[in-house]
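Colleague: Have a look at the structure that comes next, please.
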Amino acid sequence: MKLYFSRAFVLVAAFLGFVFPAECSAMQFVSLERYLEIVRDNNHSLRAGIKNVEAAYYSVRAAVSYQRPRISASGSASYLTDQETGGSHNKNAVVYNTTLGLSQRISLAGEYTLDEKQLILSYEAQRAAFENSVNTFFAMAEENYWAAVLARENVALQVDVLRQRLENNRVTEEKFKQQLVPKLDLIRSEAQVVAAESLVTEAQAQHKTLLATLASLAGGTEIYPIGEPLIVPKFSLGMELDKAILTRPDTRSARVALERSKTLKKLAAKGLSPTLSATIGWTPWSDPWNSSTPQKGEFGASLTLNIPLTDGNETKYNTLNADRLVQAAEATLKSVENTARLEMAVALNNWDMAESLEKAKKRQVERSDEELRITELMYNEGMGAQIDLINAQTENQQVRTEYLNAVRGMYIALVQLRRSVGDYAPNEEGTWKKAVIRYGKGNDVPNEMSSINSIKVRLGVSKK
């Protein structure tokens, strides 16, 4: 059903143009989809979030670098004076050499894979946390958009009420001139006009505040919701709630955090694991030829095995600490899931309440409109009292405003439903199985920054 308030959009636009001509000349009317695109492209908070996720990605890449082979080149030169060689003295001697080396620290107990896995899961958890903030942020942006739309409709409503009051005041003035009504009726009529004017001013101020909020969320871009007919929203979410709990970014983040804590526990238990270091060196140039190890033109290789025997119970207590963190992560996951169920239940209840309220208020508006029409007709024909007309006008204004608020409540309830199921965030599983596919089983670097790029694609950020 289309709201009849939108018929007054042209009227309110003319009113805005009369009162605020400079602002109207710069109006940029946009749809909801276009507004969310502008927010996506221009909001500085979102841009900062993307850069923080990118930084976390590179942090993971840097943190696992110690597992990779190291290649080094070194050179040295010494100048010595008054050296003795074979019983004779030389005034000076120059000693120099260059060495190329390849070293690799080898994990014998698999802790490298575990460490890389927990680092990737740490990144995945941070990425899910960012996507949760995206879910909340875009829900807030859409809420404010619809609030601005309904505020515009409220301005139109109050302007229409003012028009009615002005017309009634004109009729009362004519009757007063003809001495058909007392001075009191004229005073009451003029008071009704003043009251209506103050309500228009108040509605306009609220509308301007919401437009300023829209502009702030859009990075300073002046935004005005498009003036198309406003449709009473319908509930159209098809996702099952149990599945929604699994795909919400905050529950995904909690599940990833639990998986990481289990990995950290396994890693902590390997504190006394042996390690093997392998080194290969080659000296291509030295003088004298035997002044370095390996000597000139020779290769040298070494293996060093380190077997820790005791660490003062560090491994034991690190493992116990990690075990308690696993238990805490399990409890956190259950808490997040319970909160998600509560939010969904509240959102559904709010939707049912808003839907019922809209239907009830709609019937009230229909009855009130008819009552006002009859009362105005009787007053204009001299068959009704002015106090009856004022009461009918006041009641009509109230129920029309309440109906508008009921429709706004439906839009807000629908946005909250979408937010509660994570509809503004990407639909991902967020488990280690997915990360294995993305990062090549935890031992290889990805072919592309798929996690970051997926966020960029969803938020419209071009790759560079």
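The values are calculated or read from the model by the stated rules, or taken from the named source; none is laboratory data. What you see is a predicted model; the values in this text were computed from it and never measured. With ligands, DNA and RNA removed, areas are computed over all heavy atoms of the protein, side chains included. Shrake-Rupley method; radii C 1.70, N 1.55, O 1.52, S 1.80 Å.
Colleague: Determine the per residue accessible area of region 294-429 with all protein chains present and a 1.4 angstrom probe, expressed in square angstrom.
Modeller: Values: 7800 Å² over 136 residues.
That works out to 57 Å² for each residue.
Colleague: Next question, about the same structure. Taking all protein chains as present, what is the carbon and sulfur share of the accessible area of region 278-434, in % to the nearest whole number, probe 1.4 Å?
Modeller: For region 278-434, the apolar C and S fraction of the accessible surface comes to 54 percent.
Colleague: Leaving out ligands and nucleic acids, and using a 1.4 Å probe, what accessible area per residue does region 107-173 come to in Å²? Don't skip to the answer; put the middle values down first.
Modeller: Working: 1870 Å² over 67 residues.
Per residue, region 107-173 has an accessible area of 28 Å².
Colleague: Rounded if a/c is under 1.5, else prolate if a/b beats b/c, else oblate: with a ≥ b ≥ c from the C-alpha gyration tensor eigenvalues square-rooted, which is region 194-237?
Modeller: Numbers: a/c = 2.65, a/b = 1.23, b/c = 2.15.
Oblate shape, in that a/c is at least 1.5 and b/c is the bigger or equal ratio.
Colleague: Then there is this: Show the residues, 5+ positions off or on another chain, whose built amide H is closer than 5 Å to the amide H of residue 107.
Modeller: Residues meeting the criterion, in which the H sits 1.01 Å from N, do not exist here.
Colleague: Let me ask something else. May I ask which of 183/361; 243/334; 262/334; 51/117 have a Cα-Cα span longer than 27 Å here?
Modeller: Result: 183/361 exceed 27 Å.
Colleague: Please list, ordered by chain and number, the residues whose modelled amide H lies under 5 Å from the amide H of residue 285; skip anything fewer than 5 residues away on the same chain.
Modeller: Excluding prolines and chain starts, which carry no amide H, the hits are 98, 297.
Colleague: So what is the accessible area of region 203-273 per residue, in Å², with the probe set to 1.4 Å?
Modeller: 47 Å²
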